[in-house]
Amino acid sequence: MHLAVVQTNPVFGETQRNVQEALDLMATVKAELYVLPELFNTGYNFIKQKELAALGERADGITYEMLLKFAEDRNCYIVYGFAEKADIMYNSASLIGPDGFIGIYRKVHLFYRENIFFAPGNLGFPVFDLPFGRIGMMICFDWAYPESARTLTLKGAQLIAHPSNLVLPYCPDGMVTRALENKIFTATADRVGEENRGGVEIKFIGTSEIVDPNGKILCRLNSNNPAIKSVEIDLSLSDNKQINVYNDILKGLRLDQYK
Ligand code: ACM
C-alpha cells in the first residue's frame with residue numbers, strides 16, 4: 001500500500017482554508033491512506049472555551065464532508081485530527097474511507113493547555129480493519145506514554161496513524177523507539193508554523209515521518225514548510241515480532257514481573 005503523511009500550516013479559525021490546504025497537497029500524491037495533523041482544520045492554540053464551541057465539529061461536520069468527497073473520488077482512507085463536539089469537547093482523530101465514517105479515537109493524554117479545553121479521551125485505543133491492514137490511532141503527546149503504542153500493538157494494529165501538533169523536539173526520535181519496541185509501522189503527521197494568540201506563543205516543529213517496524217525512518221519531512229510524502233509499504237511486516245530465535249517482542253513480555 002501507499003501511505004502518505006500530510007504536513008500543513010493551518011491558520012487558526014479558518015477551517016475551510018485549512019481543509020482545502022490539506023486537500024490541495026493530497027491531490028498531488030496518490031495513496032491508499034493519508035494521515036493529517038492533529039486539529040488540522042481549526043488550528044491548535046485555543047484561548048477561550050467559546051472559540052472551541054464555535055470551531056468544534058461533530059464527527060459528520062463540514063470537515064468530514066469535505067474530506068469524504070476526496071475519499072469517495074479517490075477510493076482512499078484518511079485519518080485527521082479535529083476538535084470533536086460531542087456531549088463535551090474532545091481532541092479527536094477520525095478514520096474515514098470511501099464509504100464514509102469508520103471510527104474515532106479521542107486523545108487520552110492531553111498536553112499543556114489542552115487540559116483546560118478538552119476532556120481526556122474515553123474510548124481507549126481502538127483498532128480498525130481496512131482492506132490493506134489493521135490501523136490504530138494515537139494523537140501527538142500520546143507518544144510520551146509507551147502504553148499507547150503498546151496497547152495498539154497488543155490489539156493487533158499493524159500501523160499507528162499519529163496526527164500531531166508537535167512542540168517538543170524529542171518526538172520524532174521518540175517515535176522511532178515506539179516503532180522499534182513494538183515492531184510496528186508509525187506515521188506521524190505534524191504541522192509547521194506558529195500560533196501567537198492571547199499572549200500564548202506556540203511553535204510547531206514539522207518533521208512528519210513514517211517509520212518501519214525495524215525503526216528505519218522511511219521518510220522525514222522538513223521543519224518549516226507544508227509538504228506531503230508517500231511511501232510504499234507492506235503492513236504485514238508488522239506481524240513478525242521476532243528479533244531472533246529466542247526473542248519475540250510480544251511473547252517475551254513478563255507481565256508478572258512488571259507489578
Ligand atoms: C501535543 O500533544 N500537541 C504536543
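Against the numbered list (1) touching a Cys at 6+ places or on another chain (Cβ under 9 Å); (2) under 21 Å from residue 160 (Cβ atoms), residue 90 comes up short only at (1). Report yes if some residue within the range 80-101 is more than 16 Å from the ligand (Cβ to nearest atom), aromatic (Phe, Trp, Tyr) and in contact (Cβ under 8 Å) with a residue 24 or more places away in the chain; otherwise report no. Looking for residues that are more than 16 Å from the ligand (Cβ to nearest atom), aromatic (Phe, Trp, Tyr) and in contact (Cβ under 8 Å) with a residue 24 or more places away in the chain, one finds at least one in the range 80-101, hence yes.
Would you mind stating whether residue 60 is surrounded by fewer than 24 Cβ atoms within 10 Å (Cβ to Cβ), without any contact (Cβ under 8 Å) to a residue 40 or more places away in the chain and over 18 Å from the mean Cα position of the chain (by Cα)? Criteria not met by residue 60. Return the residue satisfying two criteria in turn: it lies in the range 150-177 and is out of contact with any strand residue (DSSP E or B) (no Cβ under 6 Å at 6 or more places or on another chain) and in a helix (DSSP H, G or I), and of such residues it is farthest from residue 237 (Cα to Cα). This residue is 171. Contact list please: Cβ distance under 8 Å, first residue in the range 22-48 and more than 16 Å from residue 167 (Cα to Cα), second residue part of a loop (DSSP other than H, G, I, E, B) and within 16 Å of the ligand (Cβ to nearest atom), pairs at least six apart or on different chains. Taking only residues 6 or more apart or on different chains, the pairs are 22/36; 22/40; 41/10; 42/10; 42/12. When the range 105-137 is filtered for residues that are closer than 17 Å to residue 34 by Cβ, surrounded by fewer than 22 Cβ atoms within 10 Å (Cβ to Cβ) and either within 13 Å of the ligand (Cβ to nearest atom) or aliphatic (A, V, I, L, M) (or both), only 130 remains. Residues in the range 68-95 that are surrounded by fewer than 24 Cβ atoms within 10 Å (Cβ to Cβ), among the hydrophobic types (A, V, I, L, M, F, W, C) and touching a strand residue (DSSP E or B) at 6+ places or on another chain (Cβ under 9 Å): 68, 70, 71, 76, 86, 89, 95.
Among residues of the range 138-155 being buried (at least 19 other Cβ atoms within 10 Å of the Cβ) and away from the ligand (no atom under 12 Å from the Cβ), the one that is farthest from residue 115 (Cα to Cα) is 153.
Would you confirm, using the coordinates I've provided, whether residue 124 is over 26 Å from residue 50 (Cα atoms) and assigned to a loop (DSSP other than H, G, I, E, B)? For residue 124, the condition - over 26 Å from residue 50 (Cα atoms) and assigned to a loop (DSSP other than H, G, I, E, B) - is met.
Taken together, the residues in the range 243-257 that are in contact with a Lys or Arg (Cβ under 6 Å, 6 or more places away or on another chain) and either surrounded by fewer than 11 Cβ atoms within 10 Å (Cβ to Cβ) or over 12 Å from residue 181 (Cβ atoms) (or both) amount to 1. Here residue 220 fits the description: surrounded by fewer than 23 Cβ atoms within 10 Å (Cβ to Cβ), away from the ligand (no atom under 13 Å from the Cβ) and of a type in the set (Lys, Arg).
Every condition in (1) away from the ligand (no atom under 16 Å from the Cβ); (2) over 22 Å from residue 31 (Cβ atoms) holds for residue 195 except the one numbered (1).
Confirm whether residue 15 is of a type in the set (Ser, Thr, Tyr) and touching a residue at least 60 places away in the same chain (Cβ under 8 Å). Judged against the criteria, residue 15 is not a match.
Quick note: the coordinates plus some simple rules give every number you see, no bench work behind them. For clarity, every value in this text was computed on a predicted model and none was experimentally measured. We place every Cβ from the backbone using ideal geometry, glycine too, and count neighbours over all the protein chains shown.
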